[in-house]
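**Q** Below is a structure I'd like to ask you about.
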2 protein chains.
Amino acid sequence: MKIVDLKVHSIAIADPPLRSSYGLHQPYALRTIIELVSDEKITGIAETHGSDAIAKGFEALKSRVIGADPFRLAGLLIDLVEGDVQGSSLDRSQTFHVPGENPLDMKQRLYSALEIAALDLCGRALKKPVCDLLGGRVRDEVPFSAYPFYKHAGGGGEGADARPDEYGEALAPEPLVRQVKRMISLNGFKDIKFKTGVLDPEVEIETVRQLHRAFPGLPIRMDPNCAWSVETSLKVGKALVQELGNGGYLEDPTAGMDGMAAVRRGLLDAGIDTPLGSNVAVTCFPDLEESVRKNAVQVVLCDVHYWGGLRAVQHLGKLCKTFGLGLSMHSNSHLGISVMAMAHAAAVTPHLTYACDTHYPWSDAKDEVVVGGKVKFVNGCVRISERPGLGVEIDPDQLARGRERYAKNPYRKRDDEAEMRKHVDPNWKRILPRW
Amino acid sequence: MKIVDLKVHSIAIADPPLRSSYGLHQPYALRTIIELVSDEKITGIAETHGSDAIAKGFEALKSRVIGADPFRLAGLLIDLVEGDVQGSSLDRSQTFHVPGENPLDMKQRLYSALEIAALDLCGRALKKPVCDLLGGRVRDEVPFSAYPFYKHAGGGGEGADARPDEYGEALAPEPLVRQVKRMISLNGFKDIKFKTGVLDPEVEIETVRQLHRAFPGLPIRMDPNCAWSVETSLKVGKALVQELGNGGYLEDPTAGMDGMAAVRRGLLDAGIDTPLGSNVAVTCFPDLEESVRKNAVQVVLCDVHYWGGLRAVQHLGKLCKTFGLGLSMHSNSHLGISVMAMAHAAAVTPHLTYACDTHYPWSDAKDEVVVGGKVKFVNGCVRISERPGLGVEIDPDQLARGRERYAKNPYRKRDDEAEMRKHVDPNWKRILPRW
């Protein structure tokens with residue numbers, strides 16, 4: 001079997017006005033869908049971040065991909081990930097780059113998508129689910145988390161394409177709790193990952209307390225994406241020891257390895273062992289040595305899109321287990337192909353110690369490119385079926401509509417800061433720490 | 001596809017009287033060959049350490065293996081390896097257990113063989129080489145090392161089954177160099193892994209110097225299996241800085257993590273950065289955290305038989321790369337199925353930074369169980385072919401003869417110390433450090 005074509009589809013999907021310390025989500029999130037077509041007319045698919053830059057990256061790899069045996073593609077392209085090195089501290093991290101917009105991990109992102117599409121292709125050819133090409137599932141049901149955001153009114157999209165606002169505005173504790181109630185009632189999530197770093201920390205502390213009261217027993221993690229100083233991080237950690245200590249964690253409270261290490265030391269000195277998670281300070285294998293040496297991060301958030309694919313997540317799982325670290329999974333605005341890639345990665349990674357993050361409830365069914373519409377969460381889980389490959393197929397009409405949205409709209413890279421200036425404050429700048 | 005049978009064959013193979021700090025090799029080495037048979041009448045094979053104990057271990061797992069989908073077997077049995085924990089220092093290590101005789105890694109050894117046999121079975125079913133089920137080869141040719149030993153006269157086997165002594169006695173520098181010349185002329189090896197810890201260190205230093213003169217430019221590694229004190233290790237390291245510094249390493253000079261760390265510090269203090277390798281202090285994932293923290297070991301020797309299989313070696317490779325460690329591969333007395341499992345592991349592990357060890361030149365063609373006789377080294381390398389699975393088949397007559405040898409001979413576990421008392425010194429005991 002040989003790969004005879006690599007098709008690259010840049011699409012746009014509506015995205016509600018979600019807030020984070022990076023700023024504000026634009027009305028559309030960009031995704032790239034790739035198709036690897038074999039000489040047997042079988043197609044393997046994957047989904048990753050979108051932008052003109054990544055689409056060009058795939059085009060540039062075509063000559064290496066076309067003609068390759070999909071069973072060997074990951075080995076053939078190994079140079080894209082094996083030479084990975086740590087960038088100079090904050091440059092390589094996601095402190096100043098939103099995920100998918102860091103030029104230093106472009107090769108990892110290209111590789112991940114191609115590895116996943118090749119696995120999907122092989123799985124379809126063999127009529128085997130992807131997880132069973134990776135050693136076999138260790139779990140059939142993959143748990144995901146509710147992922148509440150402070151948000152402005154609006155459901156994403158623009159103009160005639162504006163979408164209904166399913167969740168409404170949430171810029172205070174009470175509407176945020178209502179948002180989570182709806183998200184959990186629809187999906188059955190058993191964990192809450194809460195995007196913070198947006199409002200005054202006192203308001204966010206109050207929000208977590210109200211969440212804890214509304215959902216007793218559900219682990220809560222809090223992710224301010226580096227918005228806080230070490231002092232503020234310690235203040236929040238100490239205030240919420242009961243709420244976050246209940247199986248949750250504090251994710252990237254502050255910027256940089258040294259900042260994270262200082263927060264960890266300060267919490268431990270206060271007798272608080274709530275772990276620190278990260279997908280900002282630690283974003284790649286080369287970050288791990290420093291993180292372990294400094295005890296900066298205790299829970300690594302893997303990502304099938306930028307850590308180097310599904311096998312890389314398996315490697316990372318073993319590494320985390322070996323060094324006594326927890327493993328969680330990061331998410332961006334995405335569609336069902338990414339859901340399934342994440343679920344298969346989780347299914348074959350024994351040491352995944354937390355429910356996966358997902359922005360999927362924020363996506364609109366109108367934008368879904370997989371046949372049959374959005375993948376369902378049942379009791380907060382995605383079930384790994386017996387279907388071959390990732391278990392989903394592309395609906396070509398939906399894909400075409402996604403391409404049209406991309407072509408029509410002016411967004412060509414994610415820029416949460418520009419969006420913030422456009423809609424909230426013309427002088428807004430990302431300041432770290434903000435509090 | 002379902003597994004319908006697990007066949008377990010305990011065999012014995014002639015082994016020459018090789019010396020190490022553990023003692024003397026017995027006239028027969030014990031191996032176990034397993035066969036996983038599918039409902040489609042396809043058979044997957046693997047080879048591992050031999051003993052009644054491991055054969056019983058496989059029997060005890062039969063109820064979990066039979067009926068399983070071979071694509072899912074590694075996931076189904078993940079509990080055998082995922083709960084692995086560090087033993088209390090020297091107990092878990094191979095300081096006082098020869099490889100294959102440590103009860104604390106029995107589960108890992110069973111798992112490894114079953115994972116490999118399942119991969120071979122899947123590869124045969126799909127007509128794909130094993131390496132291409134693991135992401136695809138990153139190299140087609142896998143380099144192995146010459147593996148000289150001090151040895152007594154004799155070619156292994158006993159009584160009427162005694163084998164010709166191809167290499168002759170070697171208990172001094174000159175015959176040892178002759179041994180390596182022959183081994184290299186027959187196999188084309190480009191590295192030398194030298195088993196030491198047998199003669200007075202001054203004699204071994206002289207042997208390494210003669211090897212270095214005889215094979216200028218060939219990396220030499222020296223493995224005394226913990227026979228030396230920290231002081232002696234430093235003395236040898238300082239004496240041989242030129243010879244071992246040329247791409248070689250010093251393997252397990254002394255016992256224990258703290259001893260290894262002390263040797264490393266002492267060498268670095270003397271301006272010598274010859275790395276320390278280990279398959280004694282570090283034998284499993286749970287050892288790595290302590291080793292990294294103490295900087296005890298800079299080159300980890302993986303082993304497809306006791307680290308948990310081929311995927312575990314891939315995980316270990318990524319971990320070693322991440323923490324700036326080298327990766328090499330350990331060997332025991334073995335046949336061609338193990339050669340090929342090692343070669344496929346090496347083919348899919350980008351960060352394998354040294355040629356693999358192998359005892360294979362010490363085995364007698366008469367004992368080989370693979371069709372066509374012994375696997376060939378060409379320019380010191382095993383070539384990964386396009387053949388499905390591991391690329392070798394069992395010769396049932398040869399396997400039957402191996403079983404007969406096992407049944408006839410009295411050896412039921414490897415005991416190098418008993419053999420030393422029997423043939424060399426009735427009062428011999430393993431003393432660490434001996435020098």
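**Q** Condition first: in contact with an Asp or Glu (Cβ under 8 Å, 6 or more places away or on another chain), under 17 Å from residue B:86 (Cβ atoms), in contact (Cβ under 8 Å) with a residue 40 or more places away in the chain and not in a strand (DSSP E or B). Can you find one or more residues in the stretch B:233-256 that meet it?
**A** Within the stretch B:233-256, none of the residues are in contact with an Asp or Glu (Cβ under 8 Å, 6 or more places away or on another chain), under 17 Å from residue B:86 (Cβ atoms), in contact (Cβ under 8 Å) with a residue 40 or more places away in the chain and not in a strand (DSSP E or B).
**Q** Hey, which of the helices (runs of 4 or more DSSP H) in the stretch B:33-117, taking only ones fully inside, have at least 1 residues that are among the polar types (S, T, N, Q) and either buried (at least 23 other Cβ atoms within 10 Å of the Cβ) or not assigned by TED's automatic domain parsing to the domain that holds residue B:396 (or both)? Break it down into steps so the answer makes sense when it comes.
**A** Working: elements: B:52-65, B:73-76, B:79-82.
The helices (runs of 4 or more DSSP H) meeting that bar are B:52-65.
**Q** Working only within the stretch B:402-435, note down all residues that are of a type in the set (D, E, K, R) and over 17 Å from residue B:16 (Cβ atoms).
**A** Here is the first cut: in the stretch B:402-435, the ones of a type in the set (D, E, K, R) are B:403-405, B:408, B:412-417, B:419, B:421-422, B:425, B:429-430, B:434.
Listed by number, the residues that qualify are B:403, B:404, B:408, B:412, B:413, B:417, B:421, B:425, B:429, B:430, B:434.
**Q** List every residue pair whose Cβ atoms sit under 7 Å apart, with the two residues 6 or more apart in sequence or on different chains, where the first one lies in the stretch B:334-360 and is more than 14 Å from chain A (Cβ to nearest Cβ) and outside any helix (DSSP H, G or I) and the second, anywhere, is basic (Lys, Arg) and surrounded by fewer than 24 Cβ atoms within 10 Å (Cβ to Cβ).
**A** So the pair list comes out as B:355/B:190.
**Q** Need the failing condition index for residue B:109 against (1) at pLDDT below 95; (2) within 17 Å of the chain's Cα centre (by Cα); (3) within 30 Å of residue B:38 (Cβ to Cβ), just the number.
**A** So residue B:109 meets the others, but not (1).
**Q** Then there's this: Exactly one of (1) closer than 30 Å to residue B:123 by Cβ; (2) more than 17 Å from the chain's Cα centre (by Cα) is unmet by residue B:33. Its number?
**A** Exception for residue B:33: condition (2).
**Q** Which ones in the stretch B:307-331 are part of a strand (DSSP E or B) and within 13 Å of another protein chain (Cβ to nearest Cβ)? Before the answer, list the steps.
**A** Initially, the stretch B:307-331 is screened for residues part of a strand (DSSP E or B), giving B:326-329.
Scanning the stretch B:307-331 gives a single hit, B:327.
**Q** Another question, if that's okay. Assuming residue A:304 fulfils every condition listed in (1) over 30 Å from residue A:371 (Cα atoms); (2) not in a helix (DSSP H, G or I) apart from one, which condition is it?
**A** For residue A:304, the exception is condition (1).
**Q** Is it true that residue A:161 is surrounded by 24 or more Cβ atoms within 10 Å (Cβ to Cβ) and modelled with pLDDT of 95 or more?
**A** Details: surrounded by 24 or more Cβ atoms within 10 Å (Cβ to Cβ): no; modelled with pLDDT of 95 or more: yes.
Here the answer is no, as residue A:161 does not meet what is asked.
**Q** Give the stretch A:399-420 a look and list any residue that's farther than 16 Å from residue A:156 by Cβ, in contact with a strand residue (DSSP E or B) (Cβ under 8 Å, 6 or more places away or on another chain) and assigned to a helix (DSSP H, G or I), or say none.
**A** A:399, A:403, A:417, A:418 - these are the residues of the stretch A:399-420 that are farther than 16 Å from residue A:156 by Cβ, in contact with a strand residue (DSSP E or B) (Cβ under 8 Å, 6 or more places away or on another chain) and assigned to a helix (DSSP H, G or I).
**Q** If you scan the stretch B:176-205, which residues turn out to be in a helix (DSSP H, G or I) and crowded, with 17+ Cβ neighbours inside 10 Å? Spell out the reasoning first.
**A** So the first thing to find is which residues in the stretch B:176-205 are in a helix (DSSP H, G or I), and the list is B:176-187, B:201-205.
If the condition is that a residue be in a helix (DSSP H, G or I) and crowded, with 17+ Cβ neighbours inside 10 Å, then B:176, B:177, B:179, B:180, B:183, B:184, B:187, B:201, B:204, B:205 are the ones that fit.
**Q** Could you please find all residues in the stretch B:371-404 being among the β-branched types (Val, Ile, Thr), surrounded by 18 or more Cβ atoms within 10 Å (Cβ to Cβ) and either over 20 Å from the mean Cα position of the chain (by Cα) or under 20 Å from residue B:161 (Cα atoms) (or both)? Walk me through it before giving the result.
**A** Initial filter on the stretch B:371-404 (among the β-branched types (Val, Ile, Thr)): B:371, B:375, B:378, B:382, B:384, B:392, B:394.
From what is left, the residues that are surrounded by 18 or more Cβ atoms within 10 Å (Cβ to Cβ) are B:375, B:382, B:384, B:392, B:394.
The one that is among the β-branched types (Val, Ile, Thr), surrounded by 18 or more Cβ atoms within 10 Å (Cβ to Cβ) and either over 20 Å from the mean Cα position of the chain (by Cα) or under 20 Å from residue B:161 (Cα atoms) (or both): B:394.
**Q** While we're here: Name the one entry in B:286, B:253, B:275 that is within 11 Å of another protein chain (Cβ to nearest Cβ) and not hydroxyl-bearing (Ser, Thr, Tyr).
**A** Matching residue, one of B:286, B:253, B:275: B:286.
**Q** Here's another thing I want to ask about it. If we keep just the residues of the stretch B:241-256 that are of a type in the set (Gly, Ala, Ser) and more than 16 Å from residue B:192 (Cα to Cα), which is surrounded by the most Cβ atoms within 10 Å (Cβ to Cβ)? Before the answer, list the steps.
**A** Step one: filter the stretch B:241-256 for residues of a type in the set (Gly, Ala, Ser), giving B:245, B:247-248, B:255-256.
Now narrow it down to the ones that are more than 16 Å from residue B:192 (Cα to Cα): B:255-256.
Numbers: B:255: 24, B:256: 19.
Going through the qualifying residues, I end up with B:255.
**Q** If you don't mind, there's one more thing I want to ask. When you scan the stretch B:373-386, do you find a residue that is within 14 Å of another protein chain (Cβ to nearest Cβ) and either under 26 Å from residue B:148 (Cα atoms) or at pLDDT 95 or above (or both), even just one?
**A** yes
**Q** Among the residues of the stretch B:70-106, which ones are away from chain A (no Cβ under 14 Å) and more than 18 Å from residue B:255 (Cβ to Cβ)?
**A** B:100, B:103, B:106
**Q** Looking at the stretch A:4-13, which of the residues that are among the aliphatic types (A, V, I, L, M) and surrounded by fewer than 24 Cβ atoms within 10 Å (Cβ to Cβ) is nearest to the chain's Cα centre (by Cα)?
**A** Residues of the stretch A:4-13 that are among the aliphatic types (A, V, I, L, M), as a first pass: A:4, A:6, A:8, A:11-13.
Adding the requirement that they be surrounded by fewer than 24 Cβ atoms within 10 Å (Cβ to Cβ) leaves A:4, A:6, A:8.
Numbers: A:4: 30, A:6: 24, A:8: 21 Å.
My answer is A:8.
**Q** Sticking with this one: Can you list residue pairs whose Cβ atoms sit under 7 Å apart, with the first residue in the stretch B:66-79 being at positive phi and the second being hydrophobic (A, V, I, L, M, F, W, C) and not in a loop (DSSP other than H, G, I, E, B)? Count only pairs 6 or more apart in sequence or on different chains.
**A** Once the first residue is at positive phi and sits in the stretch B:66-79, its partners that are hydrophobic (A, V, I, L, M, F, W, C) and not in a loop (DSSP other than H, G, I, E, B) give B:67/B:3.
**Q** Given (1) touching a strand residue (DSSP E or B) at 6+ places or on another chain (Cβ under 8 Å); (2) at pLDDT 95 or above, where does residue A:238 come up short, assuming only one miss?
**A** So the condition that residue A:238 fails would be (1).
**Q** Tell me, yes or no, whether the stretch B:123-139 has at least one residue that is more than 14 Å from chain A (Cβ to nearest Cβ) and either touching a strand residue (DSSP E or B) at 6+ places or on another chain (Cβ under 6 Å) or within 24 Å of residue B:277 (Cα to Cα) (or both). Lay out the reasoning, then the answer.
**A** Going residue by residue through the stretch B:123-139, those that are more than 14 Å from chain A (Cβ to nearest Cβ) are none.
No, every residue in the stretch B:123-139 fails to be more than 14 Å from chain A (Cβ to nearest Cβ) and either touching a strand residue (DSSP E or B) at 6+ places or on another chain (Cβ under 6 Å) or within 24 Å of residue B:277 (Cα to Cα) (or both).
**Q** Given the options A:117, A:170, name the one that is among the aliphatic types (A, V, I, L, M), on the phi < 0 side of the Ramachandran plot and in contact (Cβ under 8 Å) with a residue 24 or more places away in the chain. Step through it out loud before you land on a result.
**A** On the way: A:170 fails: in contact (Cβ under 8 Å) with a residue 24 or more places away in the chain.
Only one candidate passes the filter, namely A:117.
**Q** Of (1) touching a Lys or Arg at 6+ places or on another chain (Cβ under 7 Å); (2) more than 14 Å from chain B (Cβ to nearest Cβ), residue A:196 satisfies all except one. Which?
**A** Tallying (1) touching a Lys or Arg at 6+ places or on another chain (Cβ under 7 Å); (2) more than 14 Å from chain B (Cβ to nearest Cβ), residue A:196 fails exactly one: (1).
**Q** Additional query: Would you be able to say whether some residue in the stretch B:275-294 is part of a helix (DSSP H, G or I) and of a type in the set (Val, Ile, Thr)?
**A** Let us first name the residues in the stretch B:275-294 that are part of a helix (DSSP H, G or I), namely B:285-294.
Subsequent filtering for residues that are of a type in the set (Val, Ile, Thr) retains B:292.
The answer is yes, given that some residue of the stretch B:275-294 is part of a helix (DSSP H, G or I) and of a type in the set (Val, Ile, Thr).
**Q** Continuing with the same structure: In the stretch A:419-435, what count of residues is obtained for those that are farther than 21 Å from residue A:255 by Cβ and not acidic (Asp, Glu)? Spell out how you get there, then give the answer.
**A** If we filter the stretch A:419-435 for residues that are farther than 21 Å from residue A:255 by Cβ, which is where we start, we get A:419, A:421-427.
Adding the requirement that they be not acidic (Asp, Glu) leaves A:421-424, A:426-427.
Residues that pass the stated criteria total 6.
**Q** Out of (1) within 14 Å of chain B (Cβ to nearest Cβ); (2) surrounded by fewer than 21 Cβ atoms within 10 Å (Cβ to Cβ), what's the single condition that is false for residue A:270?
**A** Going through (1) within 14 Å of chain B (Cβ to nearest Cβ); (2) surrounded by fewer than 21 Cβ atoms within 10 Å (Cβ to Cβ) one by one, residue A:270 breaks only (1).
The values are calculated or read from the model by the stated rules, or taken from the named source; none is laboratory data. Owing to the predicted nature of the structure, the values given are computational and were not obtained by experimental measurement. Methodologically, a virtual Cβ is constructed for each residue, glycine included, from the backbone with ideal geometry; neighbour enumeration extends over all protein chains shown.
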